[in-house]
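Written out below as structure tokens is the structure these notes cover.
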Amino acid sequence: MILSILHYPDSRLRTVAKVVDVVDESVRVLVKDMFETMYQAPGIGLAATQVDHHQRIIVIDISDERNQPLCLINPKIIEKDGEIDWEEGCLSVPDYYQCVKRANHIKVRALNEQGETFEIEADELLGVCIQHEIDHINGILFVDHLSKLKQKRLLEKTKKATKS
């Protein structure tokens, strides 16, 4: 099922997501729906917060073929190093792209759709994407990493677009 994606500046995007206590069938259905929504959008990452489900769940697929789905439940960055500037966009902030400074290399611990713990190391696009989506479940948007002036301009542009 395609879910509705919240758009900036919707205040629900600022909700800090709750830990998933049990990975059950309802979580697996949400994950499936999130992948469908992300692929249809189209995007490379989606956090449950963006579809108004405030659980610590993110889905990602950076492959061109859309055949490398990655689900991270309760993701936690356990190591990070280096620095990279990467141009980011966001399904909740359509048609807006800016460079954001992130850690270049991360190691993350999470649960998969079966509730099993795993670790993944990521850098470049995958690392940036994971950090971007973890920000979402913490109530942070990529625009929060920008200067106050850029944030103000985006907000004005967004308000104008919603009026017309």
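When you scan the stretch 84-101, do you find a residue that is buried (at least 19 other Cβ atoms within 10 Å of the Cβ) and among the basic types (Lys, Arg), even just one? No, there is no match, as no residue in the stretch 84-101 is buried (at least 19 other Cβ atoms within 10 Å of the Cβ) and among the basic types (Lys, Arg). When Leu70 is tested against (1) in contact with a Leu (Cβ under 9 Å, 6 or more places away or on another chain); (2) over 14 Å from Ile130 (Cβ atoms), exactly one condition is not met: (2). Candidates Thr15, Thr37: the one that is hydroxyl-bearing (Ser, Thr, Tyr), closer than 28 Å to Asp123 by Cβ and modelled with pLDDT of 95 or more is Thr37.
Do you know which residues across the stretch 41-53 are at negative phi and without any contact (Cβ under 8 Å) to a residue 60 or more places away in the chain?
Scanning the stretch 41-53 gives Ala41, Pro42, Gly43, Val51, His53.
Taking the criterion of being of a type in the set (S, T, N, Q), under 14 Å from the mean Cα position of the chain (by Cα) and modelled with pLDDT of 95 or more, would at least one residue in the stretch 98-109 satisfy it? Checked the stretch 98-109: no residue is of a type in the set (S, T, N, Q), under 14 Å from the mean Cα position of the chain (by Cα) and modelled with pLDDT of 95 or more. Name the residue that is surrounded by the fewest Cβ atoms within 10 Å (Cβ to Cβ), counting only residues in the stretch 61-77 that are under 14 Å from Lys32 (Cα atoms) and in contact with a strand residue (DSSP E or B) (Cβ under 8 Å, 6 or more places away or on another chain). Within the stretch 61-77, the match that is surrounded by the fewest Cβ atoms within 10 Å (Cβ to Cβ) is Pro69. When the residues of the stretch 5-55 are filtered to those that are part of a helix (DSSP H, G or I) and of a type in the set (Phe, Trp, Tyr), the one that is surrounded by the fewest Cβ atoms within 10 Å (Cβ to Cβ) is Tyr39. Residues considered: Ile2, Ile62, Ile58, Ile73. Of these, the only one that is among the aliphatic types (A, V, I, L, M), part of a loop (DSSP other than H, G, I, E, B), closer than 24 Å to Glu116 by Cα and in contact with a helix residue (DSSP H, G or I) (Cβ under 8 Å, 6 or more places away or on another chain) is Ile62.
The values are calculated or read from the model by the stated rules, or taken from the named source; none is laboratory data. Everything numeric here is computed off the predicted structure, so don't read it as measured data. Positions of Cβ are generated from backbone atoms using ideal geometry, with glycine treated the same way; all protein chains shown enter the neighbour counts.
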